[in-house]
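The block underneath contains the structure these notes are about, expressed in structure tokens.
All of the numbers you see were taken from the coordinates with simple rules; none came from a lab. Bear in mind the structure is a predicted one, so any value in this text is a computation, not a measurement. Cβ coordinates were reconstructed from backbone atoms using ideal geometry, including for glycine residues, and neighbour counts include every protein chain displayed.
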Amino acid sequence: WDATRKLVVRWPYRHMRNPMISGVLAVLLGESLFFASPPLLGFFGFAALLNMIYIPLSEEPGLIKRFGQEYLMYCQHVRRWIPRIKPWQG
């Protein structure tokens, strides 16, 4: 696996920093509500909490180390979980 050496900010990443995780969480929440399933709702809560801890403490420091000021500027303009209405033009 060869990690990218350039910060790529295209498509959904111009609206939010973690669109794939947000999508998975939205599906889990939707399923738990649709099926009125407390176990699925619990799994949603566990997955959300796990990602809310893991991403800022583990993933983002590595991205800051790899991309530096460019990633920090991206973080200032694009939220982690809630999408921007207008895409960031950085």
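Here are a few things to note about the model shown:
- Given charges at beta-carbon only (K, R positive; D, E negative), |dipole| of the range 10-90 in Debye: 380 debye
- Inter-probe distance in nm under a simple model that places probes 7 Å from Cα toward Cβ, at L50 and R10: 3.0 nm
- Sparse-neighbour loop sites [trypsin sites (Lys or Arg not before Pro); the chain; at most 15 other C-beta within 10 Å; DSSP]: R5, K6, R10, R79, R80, R84
- Formal net charge of residues neighbouring I21 (Cβ-Cβ distance under 11 Å; K, R +1; D, E -1): +1
- Label zone at H77 (point 7 Å along Cα-to-Cβ), backbone N below 19 Å, the range 1-35: 6-19
- Proportion of all alpha-carbon pairs of the chain beyond 22 Å (%): 36 percent
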